[in-house]
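Below is one structure, written out as structure tokens, with a few remarks after it.
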Amino acid sequence: MLPEQASTVAADIDNLYFYLIAFSVVATALIVALIIAFAIRYRRREGAEPAHRDRENWKLEATWIVVPFILIIIAFAWGANLFVEVSVAPDDAEEIHVVGKQWMWHVRHPNGRREINELHVPTDRPIRLTLSSEDVVHSFYVPAFRVKQDAVPGRFTSMWFEATEPGEYHLFCAEYCGTDHSRMIGRVVALAPSEYERWVEAADDPLVSAGEELFHDMRCADCHTGEPDATGPDLFSRYGTAVAVEGEDELVRFDREHLRRALLDPGARVAEGYPAVMPTFRGRLSDREILKLAAFVEARAEDE
Ligand code: CUA
């Protein structure tokens, strides 16, 4: 029913949540049952006026005051304690910067490595995210960690967590931020500490990260989704291979030059089996930007 519990605070938060739900359900059921029972028992009856009674029962009154009071104080103390724990990062937490921007997440690791819509973190180590936004309010939400924090323009906010299990977890923007809010999604990849060290030390080519950002900005993935029923062919699995083109017998090698021509003159060589709907990017992309895009596609193709 709930996402898996993958951070140190997840189980505590769920338990408090269940306590509050159980309390509300029991209290509501009791009140509704009593209303119905009293309404039937003390209804107005022909010829039998209800007797006027004013007896006191202080034990009964004390019970219905003291018991809910104790249960609510437990919820308050428990909740306040947990709130402080979730709000205050441990001193030894590692800091990662996250910037929200319509409609993607930029991540910058302490050593300068960057990523987009992905956040690699080590397990068993507290991580503090410092969040900000370039435009509107976004909200960084990782359900499996039970943490969520707004990214507000003109202000730094922070959140922290400690992942317990290696794995991939959903990352959502949880604040409506415009047209593509629902697509402002990504993943958090929790790696064993040694694997994280290896990952974060791996070279990060600025050309490739600039290309990745352009790939998002130009919304290439809207059509080149990589899914079988996509409007456009998958770029990463095809790059570097020979591909079939509409109206030509010979296969064409999908290299930087092919990518360049596809961007500037998309009608000239249409991938076989796909509609000729790609718009031209002539005048919208400079040569340098095309180079960045190609570097990104090439790097991603090598990863696959
Ligand atoms: Cu960013 Cu919703």
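The values are calculated or read from the model by the stated rules, or taken from the named source; none is laboratory data. All of these numbers come straight from a predicted model, not from anything done at the bench. Cβ atoms come from the backbone with ideal geometry, glycine included; neighbour counts cover every protein chain shown.
Taking the numbered list (1) in contact with a Phe, Trp or Tyr (Cβ under 8 Å, 6 or more places away or on another chain); (2) away from the ligand (no atom under 13 Å from the Cβ); (3) closer than 28 Å to residue 12 by Cα in turn, residue 140 passes all entries but (2). Of the residues making up segment 173-200, those that are over 20 Å from the mean Cα position of the chain (by Cα) and either loosely packed, with under 15 Cβ neighbours inside 10 Å or within 16 Å of the ligand (Cβ to nearest atom) (or both) are 192, 193, 194, 197, 198.
Filtering segment 86-115 to residues that are over 18 Å from residue 159 (Cβ atoms) and surrounded by fewer than 16 Cβ atoms within 10 Å (Cβ to Cβ) leaves 111, 112. Taking the stated definitions as given, is residue 124 touching a residue at least 60 places away in the same chain (Cβ under 8 Å), touching a helix residue (DSSP H, G or I) at 6+ places or on another chain (Cβ under 7 Å) and either within 16 Å of the ligand (Cβ to nearest atom) or under 22 Å from residue 85 (Cβ atoms) (or both)? Yes; evaluated as a whole, the condition is true for this residue.
Regarding segment 148-161, can at least one residue be identified that is buried (at least 17 other Cβ atoms within 10 Å of the Cβ), farther than 15 Å from residue 96 by Cα and more than 16 Å from the ligand (Cβ to nearest atom)? No, segment 148-161 contains no residue that is buried (at least 17 other Cβ atoms within 10 Å of the Cβ), farther than 15 Å from residue 96 by Cα and more than 16 Å from the ligand (Cβ to nearest atom). Scanning segment 122-141 for residues that are within 22 Å of residue 91 (Cα to Cα) and β-branched (Val, Ile, Thr) turns up 123, 127, 130.
The set of residues in segment 174-226 that are in contact (Cβ under 8 Å) with a residue 12 or more places away in the chain, more than 18 Å from residue 112 (Cα to Cα) and outside the structural domain of residue 103 (by TED's automatic domain parsing) comprises 214, 215, 216, 218, 220, 223. For the criterion of being surrounded by 10 or more Cβ atoms within 10 Å (Cβ to Cβ), under 24 Å from the mean Cα position of the chain (by Cα) and away from the ligand (no atom under 16 Å from the Cβ), residue 131 fails.
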